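Below are the structure tokens for one structure; questions will follow.
The values are calculated or read from the model by the stated rules, or taken from the named source; none is laboratory data. Everything numeric here is computed off the predicted structure, so don't read it as measured data. Cβ placement follows ideal geometry from the backbone for every residue including glycine, while neighbour counts extend to all protein chains displayed.
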Amino acid sequence: MCLSLAAAARQHLRELVLLRRVRDRIDADPARPLDIEAFAHSVDLPVALFVRRFRDAYGLSPHGYRRAVEAIRNREASPVAPKVA
């Protein structure tokens, strides 16, 4: 592995760790408004690149991820009606 490739791999892993921390913060406090600029700053990326990297890592934008988590929580919280034969 050439030096630049190794450096790129280290940078990528560092970004994934930081993105995971952002995702964990989103999960930890679902009522808190998303501050995309603060998240991007914490990862040391411009906002557009942060959103793109988050989407690459998790398949959704930060807002889309929040909505998906809320939908899952709502589904889990709602009682399941028994099936009538």
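Can you spot a residue in region 3-20 that is among the basic types (Lys, Arg), surrounded by 12 or more Cβ atoms within 10 Å (Cβ to Cβ) and within 12 Å of the chain's Cα centre (by Cα)?
Yes, some residue in region 3-20 is among the basic types (Lys, Arg), surrounded by 12 or more Cβ atoms within 10 Å (Cβ to Cβ) and within 12 Å of the chain's Cα centre (by Cα).
Can I ask one more? Do we find that Leu49 is at pLDDT 95 or above, exposed (fewer than 15 other Cβ atoms within 10 Å of the Cβ) and not in a helix (DSSP H, G or I) in this structure?
Here the answer is no, as Leu49 does not meet what is asked.
Looking at Val22 and the list (1) in contact with a Pro (Cβ under 7 Å, 6 or more places away or on another chain); (2) at pLDDT 95 or above, which single condition is not satisfied?
Looking at each condition in turn, Val22 falls short on (1).
Considering every residue within region 76-83, establish whether at least one is of a type in the set (Ser, Thr, Tyr), free of Cβ contacts under 8 Å to residues at least 40 places away in the same chain and surrounded by 15 or more Cβ atoms within 10 Å (Cβ to Cβ).
The answer is no; no qualifying residue exists.
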